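A quick write-up on the structure given underneath.
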There are 4 protein chains.
Amino acid sequence: MAMEAAPARTPERQAFYDEIEPKNLAPLWEKLHALVTAEPKTPCLPALWRYDAEVRPYLMKAGGLITAMEAQRRVLILENPGLKGQAQITHSLFAGLQLILPGEVAPAHRHTQSALRFIIEGHGAYTAVDGERTSMEPGDFVITPSWTWHDHGNETEEPMVWLDGLDIPIVRLFDASFAEPGNAEMQAVSRPEGDSVARYGNNLLPVDWRPEAKSSPVFNYPYARTREALTALARNGDPDPYHGHKLRYVNPASGEAAMPTIGTFIQLLPAGFETRSYRSTDGTVYVAVEGSGETRVGGTVLRWRPRDILVVPSWMPHAHKADTEAVLFSFSDRPVQEKLGLWREARGNA
Amino acid sequence: MAMEAAPARTPERQAFYDEIEPKNLAPLWEKLHALVTAEPKTPCLPALWRYDAEVRPYLMKAGGLITAMEAQRRVLILENPGLKGQAQITHSLFAGLQLILPGEVAPAHRHTQSALRFIIEGHGAYTAVDGERTSMEPGDFVITPSWTWHDHGNETEEPMVWLDGLDIPIVRLFDASFAEPGNAEMQAVSRPEGDSVARYGNNLLPVDWRPEAKSSPVFNYPYARTREALTALARNGDPDPYHGHKLRYVNPASGEAAMPTIGTFIQLLPAGFETRSYRSTDGTVYVAVEGSGETRVGGTVLRWRPRDILVVPSWMPHAHKADTEAVLFSFSDRPVQEKLGLWREARGNA
Amino acid sequence: MAMEAAPARTPERQAFYDEIEPKNLAPLWEKLHALVTAEPKTPCLPALWRYDAEVRPYLMKAGGLITAMEAQRRVLILENPGLKGQAQITHSLFAGLQLILPGEVAPAHRHTQSALRFIIEGHGAYTAVDGERTSMEPGDFVITPSWTWHDHGNETEEPMVWLDGLDIPIVRLFDASFAEPGNAEMQAVSRPEGDSVARYGNNLLPVDWRPEAKSSPVFNYPYARTREALTALARNGDPDPYHGHKLRYVNPASGEAAMPTIGTFIQLLPAGFETRSYRSTDGTVYVAVEGSGETRVGGTVLRWRPRDILVVPSWMPHAHKADTEAVLFSFSDRPVQEKLGLWREARGNA
Amino acid sequence: MAMEAAPARTPERQAFYDEIEPKNLAPLWEKLHALVTAEPKTPCLPALWRYDAEVRPYLMKAGGLITAMEAQRRVLILENPGLKGQAQITHSLFAGLQLILPGEVAPAHRHTQSALRFIIEGHGAYTAVDGERTSMEPGDFVITPSWTWHDHGNETEEPMVWLDGLDIPIVRLFDASFAEPGNAEMQAVSRPEGDSVARYGNNLLPVDWRPEAKSSPVFNYPYARTREALTALARNGDPDPYHGHKLRYVNPASGEAAMPTIGTFIQLLPAGFETRSYRSTDGTVYVAVEGSGETRVGGTVLRWRPRDILVVPSWMPHAHKADTEAVLFSFSDRPVQEKLGLWREARGNA
């Protein structure tokens, strides 16, 4: 299309560009093709992080180099190879793996950025959100919504690792970052564990409660319950050809995503099942929770097993194939794109 | 706060960072202070473009160097001096000045990016949106929502200039750009001029019409009507100490902003009126429509007269002072920030 | 269908019914066919009130029998002939004609019930709503939303008559009526006339204003502007076969109806135009604003001329035919039915 | 207030009223005080139905007088003593007790009216909704939303009784009743039992699912889970002085009530707890699920034990007192009143 190429750069034009540059002016026609592309042209690349072989050893090594307290958050950023140095796993999202060793605390703070935790290994360390602790198990999906106080602690005998997903690049684009450290390392516990789920998580809500924020009042979506739902779905019907059995986590007070900036999903692929080619404009981070298989993205084949993490960039056709029954957790910026009228998907080779 | 400084970089740590870099891993604790700041730290700077003295001459010169057809859109980008080379006036928005000379056409295309036009000079050239033309006068606010066909033409005897505001950086962050050229330079006219206003613009809507998009079905908000509203407000009551008499343009089908990604505003400042210091997280582009005055942003004083354009970055305290009765048009990403729960404001020196 | 007939009433059963009646128990199977019908079975009948010949003389006579002050509201109720004594024009709505003579005041009060006024005759008497007066002209549509203070006054030389439409039966069903008299006959004027339209009526809203109620902040929709929109629509395109050129009045802060309980509509029928048969579940009150014609409802033909009022019951097939170019205003409970998921329509003889 | 009394009825006025009556006209001033009251004046009375002593015997007797098939629905209506013959328990709602004997079927049909079932006695009979069966236990709350196919069957060895709550008077006011019998007595089962809960009931929703209706996709809210939530709430905090521990059932796809016309609630009152006086405009039906106690409504004391049903009319001050730990289920038209801006409450003696 016409927009795909810039007009010729004659000497007169170049002289003009040089003349206006100090005036904070620039010719759009030189850049239009790069700014308004016929299809998404993301700098992100497909990538895979092998947890056991390649990531966990480094994480444990980091555990010996710095404490959670000194690091504030001892996290290894998963950097997209197309965005080196930029702390992004997709163009709009941050991902990292956080380690808390026995006896450690990641001190209380709060910030504008919304964060998700998806538990990778360990049993029973806690995250506290606005005065309530939740203990975490592999596969649990935990949120610390925008501007909520949160700290993490490990009072167990083993290391605890989870995937952090944050909307840091989104908040940066809008120049809207605020943060505050807590008064104490650990916030005071003001509600018993499980209170939020009891109050908000059973298709019931407190009679006079009205949401003050756009995030879910439920902050732990335990894997036990999620897995049960997947099992029932797989028993009750056929998988969708593009997604297998796929659910999205919701804020039960609105039916929207658990947080306004990040959508999260869980899907079961039956043993041997292969999805058809699919693409959408939300670059997506996947965690293999159970099973093994492979994901083809463009010409790349990413072979995964439990706890591996992979990323599929925006608009790249991809398909999953499960060797055994597999469960994939994923997250993306889809809720933002939907609110802004930007989200698109295409099924098959269309 | 603790987040504001990185832990010491010992040789062991540096060696570790070097070791993990090829694995697409990086230490968050080295970057946390830059990623999650206590307050917005925007690279944008306050800036002013003096239309008559500094911009218009270059625009006219551009008119002699390239045709609207060859340029596709003959636009001089207003680049924020803190973001040189990046085609951004704020971190999240694009602005430029577009010139169409008598007899020219800017050919039909459509794209994901939403665009606003605020008319600076000229009388009667048209923008066509999805088959309906609207002729433009200074002060008119015209939208070409996401994925609508649009072309511009000047069948008058004088040059036509307007300010373009687009959400290019937002669409780029989400890797969601799509674009298509039209089949012909000018799209066919399928509805008479004024049809949209008649159908949607009078606090009435067609009985069976349901919006298909998030943008306003009204695409020209004429200045004559807007000015009348401002005049009535100024006559009927006192100005707000922070804003004067300020209105936001709305989509009458929802009460939301005219487009989901860009909010637009118009405000009247009485002669001699000075607003109190105010700041908000949406970096804002202003156009002086009528009158003269100055805007203090941080330590900078920007003096403006009609048709000048200025930008106030996110979270910088600022105040306007009008020498004569003045009208300012402005736009920002506020509707996005509100949808995502990010928007904040502070009045006074708080 | 089975539900349409009750089971046989044997002596044993009758004895049982008699036995349980004092216990506040009753057999559903005796009533199910009447309670849950296969299609709407309304007690309402089609009816017409001829303004000049039949209603106006009585209204003027009422003007001599009681003052506006003594009556509080000097209104002749338009009672549906199928609902005599029940002050209903449809099953869910009240309609009446209100007369204010020169020099009279209908004193200030407020109540839960929402009211619309559609001006029938007279020029320049006012309605005041929450401190702002609006002067009224024939064809203007004025609202006094739930719990807003309102009074009416006629400082002109001629009688003023308007149609009142209220949701009295709806508020009664929900046992939710509250009312209060004002402290004075006329409320103090706190805002100049026209302030609401300037503030809310031009596809602009005050920047920090958030609606506190579900009703429109615009409370006069002047006929001049509405008529202009209709004229443009009629010039620009073909009429809808079922509705002619039909618009609904909207709350510009939400795109919803002007009041949550009553929907209002205006439609233009070209000279000689005949709509196709249509029905919907919202029984509808029409006012002929301009032109003459007839409306067939079931087997009844209602011939109307300007200022006549007619009612079409729920789900009765009907069609309009205009002798000359005609304009019909109408109102119904459609917004309530839509909110509750009850509204249905059928086009043609389906 | 002035609205509370009608003007004097002089002979001239009476003659006028008689003259206009045949013209379907009536004087509003004669009725205004009754139509627009200062506070709700409901015809409903407080009432109690003692299940074991007074209702169950009649229900079983009805079981011998008519079959579920012949009755279509073998239901004893709970008629408000202030609304005899009108099949209403409050002004806007219907309630009845439905009996299905072993081996019986209540045949499939669908209708506009929304229905709730609250299970009173029996174990394991089923309700089928749009192709999915759910087996019912005491305390379960089951919905059959508007226009969904539903049938009931009892394949157990004991009678099954539940409370039916329907919006029949609401649908009647709006003249919007539609109904259809099924083709067969029992609808075909198209989804396994539990599928809806798995798909929609765990703070997860199918990724591509969009609600087509305003009702909850979850149609059984089992008591086991609800009771667990109540137990946790009672353990974790103090009861609200007006409500004890009170939750509302929600549609997890929207956070709204499970059905658009009927709100449902469950509350736990600790042993010995007495609520403070409270009133609201939604007349409410209560079922005592566990425990015993009393409810004072105006001057009436209603003493209840498990399975008793009571009704509190609109705006009557009332208070509950629990002898033992008690659980009350309740339903009302509150969601409709909230949508229409009509709902009010008052705490204490205000």
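The values are calculated or read from the model by the stated rules, or taken from the named source; none is laboratory data. The structure displayed is predicted, hence computed values, not measured ones. Glycine gets a Cβ as well: all are built from the backbone with ideal geometry, and neighbour counts include every protein chain shown. SASA here: full protein model, heavy atoms, side chains in, ligands and nucleic acids out. Shrake-Rupley method; radii C 1.70, N 1.55, O 1.52, S 1.80 Å.
Each eigenvalue of the Cα gyration tensor of the stretch D:5-86, multiplied by 5 and square-rooted, gives one semi-axis; in descending order these are 46, 18, 9 Å. When only Cα pairs below 8 angstrom with a gap of at least 6 residues are kept, chain B shows a relative contact order of 15 percent.
Straightening the chain between C:Glu274 and C:Thr324 buys 16.9 nm, computed as 0.36 nm per residue apart minus the Cα-Cα spacing. Phi angles across the stretch D:297-311 convert, under the Karplus curve 6.51 cos²θ - 1.76 cosθ + 1.60 with θ = phi - 60°, into 3J(HN,Hα) values of 10, x, x, 9, 10, 10, 9, 10, 9, x, 6, 6, 10, 9, 10 Hz, Gly and Pro given as x. Helices in chain D, meaning DSSP H runs of at least 4 residues, each add -39500 (n - 2.57). Divided by all residues, the mean residue ellipticity at 222 nm is -4500 deg cm²/dmol.
In chain C, the beta-carbon sitting nearest the axis that superposes C on A belongs to the residue given here with its distance in angstrom, C:Arg210, 7.
Using a probe of 1.4 Å on the protein chains alone, the accessible area found for C:Glu193 is around 100 Å². For the peptides C:14-20, B:211-217, the ranking by packing is B:211-217, C:14-20, with the highest mean count of neighbouring Cβ atoms within 10 Å listed first.
In a simple Cβ point-charge model (Lys, Arg +1; Asp, Glu -1; nothing else charged), chain C has a dipole of about 780 debye relative to its Cα centre. A prolate overall shape is assigned to the stretch D:209-292, the ratio a/c of its alpha-carbon gyration tensor axes (a ≥ b ≥ c) being 1.5 or greater and a/b exceeding b/c.
Compared with the dominant Cα axis of chain D, that is its longest principal axis, helix D:11-20 is turned about 50°. When only alpha carbons of the protein assembly as shown are considered, Rg and Dmax amount to 34.0, 108 Å. Spacing of the modelled spin labels on C:Arg303 and D:Ala188, each 7 Å from Cα toward Cβ, amounts to 5.6 nm.
Among A:Lys23, A:Lys61, A:Lys321, determine the one that fluctuates most according to a GNM of chain A built with springs between C-alpha atoms less than 10 Å apart. Maximum among the listed residues: A:Lys23. Accessible area of A:Trp315 (1.4 Å probe, protein heavy atoms only, ligands and nucleic acids ignored): about 30 Å². The mean number of Cβ atoms from other chains found within 10 Å of a Cβ in peptide A:228-235 is 4, as a whole number.
Efficiency by 1/(1 + (r/R0)^6): what FRET value for D:Met60 and A:Asp130, r their Cβ-Cβ distance, R0 = 35 Å, to the nearest 0.05? That gives a FRET efficiency of 0.10. Only Lys, Arg, Asp and Glu carry charge here, each on its Cβ (+1 for the first two, -1 for the last two); on that basis the protein assembly as shown has a dipole of about 0 debye about its Cα centre. In chain C, the ratio of gyration radius to Kirkwood radius, Rg to Rh, stands at 1.01 when only Cα atoms are counted. For chain D, set up a Gaussian network in which alpha carbons nearer than 10 Å are linked by springs, and say which option among D:Phe178, D:Phe94, D:Phe331 fluctuates the most. Greatest mean-square fluctuation among the candidates belongs to D:Phe178. Projected label points at D:Asp208 and A:Arg9, each 7 Å from Cα along the beta carbon direction, are separated by 4.5 nanometres.
Here the stretch D:250-350 is treated as an ellipsoid with the same Cα gyration tensor; its semi-axes, largest first and in whole Å, are 23, 17, 11. Between A:Gly131, A:Gly283, A:Gly299, the Gaussian network model of chain A with springs among Cα atoms under 10 angstrom shows the greatest mean-square fluctuation at A:Gly299. Position C:Ala346: other-copy label points at 4.4, 4.7, 6.4 nm, ordered by increasing distance, label point 7 Å along Cα→C-beta. Here the 3J(HN,Hα) profile of the stretch C:112-119, calculated from phi with Karplus coefficients 6.51, -1.76 and 1.60 at θ = phi - 60°, is 4, 5, 8, 10, 10, 10, 10, 6 Hz, Gly and Pro shown as x. Accessible area ranking (1.4 Å probe, heavy atoms, ligands and nucleic acids excluded), largest first, for B:Phe273, A:Phe219: B:Phe273, A:Phe219. Determine the shape class of the stretch D:99-242: with a ≥ b ≥ c the square roots of the Cα gyration tensor eigenvalues, call it rounded for a/c under 1.5, and otherwise prolate if a/b is greater than b/c, oblate otherwise. Cα axes put the stretch D:99-242 in the rounded bin.
Overall shape of the stretch B:265-319 was characterised from the C-alpha gyration tensor. The equivalent ellipsoid obtained from it has semi-axes of 17, 12, 11 Å, in decreasing order. Across the copies of the chain, B:Pro211 has label points (7 Å from Cα along Cα→Cβ) spaced 1.2, 1.9, 1.9 nm apart, shortest distance listed first.
Amide H contacts for C:Glu325 (H built 1.01 Å from N in the peptide plane; partners 5 or more residues away or on another chain; cut-off under 5 Å): C:Ala271.
Couplings 3J(HN,Hα) for the stretch B:197-208, derived from phi with the Karplus relation 6.51 cos²θ - 1.76 cosθ + 1.60 (θ = phi - 60°), are 4, 4, 6, 10, x, 10, 6, 9, 9, x, 4, 9 Hz, where x marks Gly and Pro. Largest to smallest in accessible area, the residues A:Arg133, C:Arg347 fall in the order C:Arg347, A:Arg133 (1.4 Å probe, all protein chains included).
The count of lysine pairs in chain D whose Cα atoms are under 20 Å apart, excluding pairs fewer than 8 places apart on the same chain, comes to 5.
Along the charge dipole of the stretch B:42-125, pointing to its positive end and built from +1/-1 on Cβ of Lys, Arg, Asp and Glu, which listed residue (B:Ile89, B:Thr42, B:Thr112) has its Cα farthest out? Farthest towards the positive end: B:Thr112.
Sorted from shortest to longest, the distances between the A:Val105 label points of this copy and the other copies are 6.5, 6.9, 7.1 nm, with each point 7 Å from Cα along the line through the beta carbon.
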